[in-house]
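Comments concern the structure below.
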Amino acid sequence: MSKVTVFGSFVVDLMARTPHLPVPGETVKGGMFKMGPGGKGFNQCVAAHKAGADATMITKLGRDTFAGVALSAMDELKMNKDRILYSDDVETGAALIMVDENSSQNEIVVVLGSCNTITDAEVESIADQLEQSEYLLTQLETNVSATRKVISLAKDLGVKVILNTAPVQEVEDAIYNGLYMITPNEVEAEILTGIVIDSKENADKAADWFFSKGVENVIITLGGRGVYVATAEKREIIPAYTVKALDTTGAGDAFNGGLVAALSEGKDIWQAVNFANALAAISVQRLGTTPAMPWREEILDFMKNN
Ligand code: ATP
Ligand code: RIB
C-alpha cells in the first residue's frame, strides 16, 4: 500500500437539524444539535484512514479548544498528528451547518480561521512527506495560495494529485494542467466548465473540457445517482448504492476519502469508484460528517451484501 497525503481544512462542525431551513429573518426551533470534527480536508483524511489507507493529514490549527477537537479525534482514531501546523494568532475555524430533517438538504457557512493562513514556507516544510506519497488529495477549502503551492510542489515531486473542487471557486489553468484526477460534484462541474451536467453527453463534454486543460481523469459525483467517470479509455456512469439517506453532508468527502484509499491499495479507477460509492452510501445513512465515516470492515461487509 502506498502513502497518501491529505492537505486541507479542519474546522469544528456545529450542526443543527431543523424541521425546515430558515428563511432570512426567521428563527426556527431546531430538533437536535451536535458538535464534532469537520472540514473537507479532515473529513476526507478520516474517511481514507478508516478505510485502511496510510493517510497523513496536513492542516493548520489554532492554539485553542477547537484545535483540541481535531487532536483528540486524531488520537482516538490513531491518526498521524506529526505534520499538523499551528498558528499562534489565528483561531481554529468553525462551520455552521443546518440540515433539513425532512429533505436532508443542508446550508453551511464555513469560517476557515487558521487553516486559511498556510504559508508557502509551511507548504515547503512538508516536501519530505509529499516525496514519500503516491497520492496527494486536496480541496479548495484552504487559502488559494497554499492550494496552488502544494499542488505545484506535489506535481514537481511526481506525486499524483487528486483535486476535489469544493467549495467551488475559480481554478487557474496552471492548477488543472497535470492533475491526475479531478472530482467535482455536478454543480461544481457546471460552474467550472459552463456545461450543465444533465445528461451523459453533457458530462462527456465537461470531461473533454477538463481533458483539454491537462487533467488525466475526471470523476463527477452525481449524489444519489452515483458518479460519472471518464478516463482516456472509457466513460461511464456508475450508479450509487440504493440506501435511505439520513444526512448527506460530507458525502463528497466520504467518496473522495474512499477513492484515494482504494487507489493507494493498487485498485484501478473503476474498482476504486465502487469502493468509494459504498463508503459514501454508508456515510449518508448516518448523522454528521467525520463521525459518519465507516471502518474498512463495514465497507467490505456492505459491498458483499449489496
Ligand atoms: P456534499 O457537498 O454534501 O459533501 P457532494 O455534493 O460533494 O456532497 P454528492 O455528489 O452529493 O457529493 O455525493 C457524493 C457521493 O456520495 C455520490 O457519488 C454517491 O456515491 C454518494 N451518495 C450521495 N448521496 C447518496 C444517496 N442518497 N444514496 C447513496 N449514495 C449517495
Ligand atoms: O463537506 C462537508 C464539510 O464542509 C463540513 O464538515 C463543513 O466543515 C464544511 O466545510
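Here, each number is a calculation from the coordinates, and none is a lab measurement. Predicted model, so just to flag it, every value in this text is computed and none were measured. Cβ coordinates were reconstructed from backbone atoms using ideal geometry, including for glycine residues, and neighbour counts include every protein chain displayed.
Could you go through the stretch 161-171 in sequence order and give the Karplus-derived ³J(HN,Hα) for each residue, using 6.51 cos²θ - 1.76 cosθ + 1.60 with θ = phi - 60°, rounded to whole Hz, and x for Gly and Pro?
Whole-Hz 3J(HN,Hα) from phi for the stretch 161-171: 9, 10, 10, 8, 7, 10, x, 5, 7, 4, 10.
Once the Cα atoms of the chain are picked out, what are the Rg and Dmax in Å?
18.1, 52
Thinking of the stretch 1-137 as a set of Cα atoms, what percent of all their pairs are more than 24 Å apart? Mind dumping the intermediate values first?
Working: 3402 of 9316 pairs.
Beyond 24 Å sits 37 percent of the P(r) for the stretch 1-137.
Taking 8 Å as the Cα distance limit and 6 or more residues as the minimum spacing, I'd like the relative contact order of the stretch 1-159 as a percentage. Kindly include the intermediate steps, with their values, before the conclusion.
On the way: 345 pairs, mean separation 47.3, N = 159.
Over the stretch 1-159, the number comes to 30 percent.
Taking amide H positions as placed in the peptide plane 1.01 Å from N, state which residues far from Leu61 in sequence (5 or more) or on other chains have amide H under 5 Å from it.
Leu85, Tyr86, Ser87
So how strong a dipole does the stretch 226-306 carry about its Cα centre when Lys and Arg Cβ are +1 and Asp and Glu Cβ are -1, to the nearest 20 debye?
140 debye
Amide H to amide H under 5 Å from Val227: which residues, 5+ apart in sequence or cross-chain, H placed 1.01 Å off N in plane?
Correct list: Leu222, Ile238, Ala240.
Which of rounded, prolate, oblate describes the stretch 231-306, given a ≥ b ≥ c as roots of the alpha-carbon gyration tensor eigenvalues and a/c under 1.5 marking rounded, otherwise prolate only if a/b is larger than b/c? Display every interim value, and only then the final one.
Numbers: a/c = 1.69, a/b = 1.56, b/c = 1.08.
Since a/c reaches 1.5 and a/b is larger than b/c, the shape of the stretch 231-306 is classed as prolate.
Under the rule of -39500 (n - 2.57) per DSSP H run of 4 or more residues, summed and divided by the residues of the chain, what mean residue ellipticity at 222 nm is obtained, to the nearest 500 deg cm²/dmol?
On the way: 11 runs with 110 residues, N = 306.
Rounded to the nearest 500, the figure is -10500 deg cm²/dmol.
Is the stretch 89-213 rounded, prolate or oblate when judged by the Cα gyration tensor, a ≥ b ≥ c being the square roots of its eigenvalues, rounded requiring a/c under 1.5 and prolate requiring a/b larger than b/c? Let's see the in-between values first.
Values: a/c = 2.31, a/b = 1.12, b/c = 2.07.
Judged from the Cα gyration tensor, the stretch 89-213 comes out oblate (a/c at least 1.5, b/c at or above a/b).
GNM on the chain, C-alpha springs below 10 Å: top fluctuator among Ser114, Ser104, Ser199?
In the Gaussian network model the winner is Ser199.
Go through the stretch 272-285 residue by residue and turn each phi into a ³J(HN,Hα) via Karplus (6.51, -1.76, 1.60, θ = phi - 60°); whole Hz please, and just put x for glycine and proline.
Once rounded to whole Hz, the list reads 5, 5, 4, 4, 5, 4, 5, 4, 5, 5, 5, 5, 6, 8.
Note down the relative contact order for the chain as a percent, whole number, built from C-alpha pairs under 8 angstrom at least six residues apart.
Values: 711 pairs, mean separation 58.4, N = 306.
After rounding, I find 19 percent.
Go from 0 up to the bin containing the longest alpha carbon distance in the stretch 171-259, width 5 Å each, and give me the % of pairs per bin.
Going from the shortest bin to the longest, the percentages are 3, 14, 26, 26, 19, 9, 3, 1, 0.
Report ³J(HN,Hα) in whole Hz for each residue of the stretch 10-22, in order, from the Karplus equation J = 6.51 cos²θ - 1.76 cosθ + 1.60 where θ = phi - 60°; Gly and Pro get x.
With coefficients 6.51, -1.76 and 1.60, one gets 10, 9, 8, 8, 10, 10, 10, 9, 9, x, 8, 6, x Hz.
Assuming a strict under-21 Å limit between Cα atoms, what lysine pair count do you get for the stretch 100-224 once near-sequence pairs (fewer than 8 apart, same chain) are dropped? Walk me through the numbers before you get to the answer.
On the way: Lys149/Lys160; Lys149/Lys213; Lys155/Lys213; Lys160/Lys213; Lys200/Lys213; Lys205/Lys213.
So the count works out to 6.
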